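Heads up, the thing below is written out as structure tokens.
The values are calculated or read from the model by the stated rules, or taken from the named source; none is laboratory data. All values derive from a computational prediction rather than experimental measurement. No Cβ is skipped: glycine too gets one built from the backbone with ideal geometry, and neighbour counts run over all protein chains shown. The accessibility values were calculated without ligands, DNA or RNA, using every heavy atom of the protein model including side chains. Shrake-Rupley method; radii C 1.70, N 1.55, O 1.52, S 1.80 Å.
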Amino acid sequence: IEGLSIPGSPERANDDALGADHSIAFVLDGVTGLAETPLMPGESDAAWVAQTARDLLLQHGPVTELRALIGEVARGIVARFEKERLREPVARWELPWTTLSLIGVESGRLNIAYVGDSRALVETADDEVHNFGINPSRTAFETRLASKMLAARKGQALGVESIRATVLPELRRAREMVNMPNGFWLLGADASVAANATVTSLALDGPATVLLATDGFYALSEDYKHYGDRELIATAQTLGLGILARELRRIEDEDPEGERFPRMKKSDDATALLVRVEP
């Protein structure tokens with residue numbers, strides 16, 4: 001129906017991506033890189049992995065088995081990473097990663113898969129709204145770092161530079177745990193992610209509407225409490241994603257220092273994809 005992807009700042013790359021064909025739809029949120037110098041070509045390492053994953057996802061024909069698709073995409077990222085990287089990574093925290101929220105449709109069923117904190121809202125023919133994703137997506141670790149930045153900023157603007165000045169070592173330690181035992185899972189140059197993605201399904205007895213959203217867009221509901229899930233997907237259908245994006249940025253512009261809503265950036269990249277599913 002409609003797709004939207006906007007950068008958190010006009011001065012920085014948009015690290016999100018989205019895509020859809022006749023059998024799948026998805027959003028991706030490249031995780032902000034922590035390296036001092038680029039590891040991959042392009043606008044940013046995060047944009048590279050999100051765009052690479054997008055391209056690989058769209059290369060496939062009809063899909064019903066999402067876990068297998070994620071495995072194929074991850075293996076493709078491995079191959080491109082080895083071929084395209086500009087240098088050897090100095091540590092695991094330099095590797096590029098992205099979240100993924102993915103749906104696939106088959107007869108009478110909607111399949112959903114995700115890693116990371118992107119979200120899928122599904123409005124079914126019986127007027128139920130289902131929420132698929134990590135809930136809540138904000139960890140105590142992220143909340144603590146946002147509060148630390150707020151306390152230490154002393155007039156410094158929210159954003160990447162303030163992150164580097166206050167919490168970079170902690171972020172790098174956390175990034176070492178991506179796709180590791182007792183860590184958390186993301187999509188990147190690691191084929192083992194497929195076995196650890198969350199995959200589920202929803203029986204459909206009629207058409208459904210799905211809103212796929214990265215955390216930067218879903219902040220309207222989760223972080224800012226401006227919409228409930230039902231109101232968010234209803235507004236997307238009636239007023240459009242552009243109206244929601246303007247509302248998102250208005251809330252953030254009215255709290256530029258993060259005092260009302262503690263966060264690590266004034267505005268994050270925000271991506272949403274609204275699709276109609278015919279099972």
Problem set entry | Enumeration of residues in the stretch 220-279 that are surrounded by 15 or more Cβ atoms within 10 Å (Cβ to Cβ), among the polar types (S, T, N, Q) and modelled with pLDDT of 95 or more | Ser221, Thr235, Gln237, Thr271
Problem set entry | Set Leu56, Leu102: member being closer than 18 Å to Ala191 by Cα and in contact with a Phe, Trp or Tyr (Cβ under 6 Å, 6 or more places away or on another chain) | Leu102
Problem set entry | Subset tally (residues that are over 16 Å from the mean Cα position of the chain (by Cα) and closer than 17 Å to Leu220 by Cβ) for the stretch 264-279 | 1
Seminar exercise, completed: Taking the stretch 64-73 and keeping only residues that are open to solvent by 10 Å² or more (accessible area, probe 1.4 Å) and in contact with a helix residue (DSSP H, G or I) (Cβ under 8 Å, 6 or more places away or on another chain), one is left with Arg67, Ala68, Glu72
For this session: Name every residue in the stretch 202-219 that is farther than 26 Å from Pro7 by Cβ and buried (at least 16 other Cβ atoms within 10 Å of the Cβ), in order of residue number.
Result: Leu202, Leu204, Ala208, Thr209
Problem set entry | Count - residues of the stretch 9-26 that are of a type in the set (Asp, Glu), more than 23 Å from Leu110 (Cβ to Cβ) and surrounded by 19 or more Cβ atoms within 10 Å (Cβ to Cβ) | 1
For this session: Among the residues of the stretch 27-63, count how many are loosely packed, with under 15 Cβ neighbours inside 10 Å and either among the hydroxyl-bearing types (Ser, Thr, Tyr) or touching a His at 6+ places or on another chain (Cβ under 7 Å) (or both).
Result: 1
Exercise. Do any residues in the stretch 54-76 that are under 16 Å from Val27 (Cβ atoms) have Cβ atoms under 7 Å from those of residues that are exposed (fewer than 14 other Cβ atoms within 10 Å of the Cβ) and modelled with pLDDT of 95 or more, where the two are at least six apart or on different chains, and which pairs are they?
Worked result: none
Exercise. Mind checking which residues of the stretch 103-128 are under 17 Å from Pro279 (Cα atoms), open to solvent by 30 Å² or more (accessible area, probe 1.4 Å) and touching a strand residue (DSSP E or B) at 6+ places or on another chain (Cβ under 6 Å)?
Worked result: Val105, Arg109, Glu123
Problem set entry | Tally of residues being of a type outside the set (Ser, Thr, Tyr), outside any strand (DSSP E or B) and in contact with a helix residue (DSSP H, G or I) (Cβ under 7 Å, 6 or more places away or on another chain) across the stretch 97-146 | 3
Exercise. What's the number of the condition Arg138 fails, among (1) within 26 Å of Leu273 (Cα to Cα); (2) at pLDDT 75 or above?
Worked result: (2)
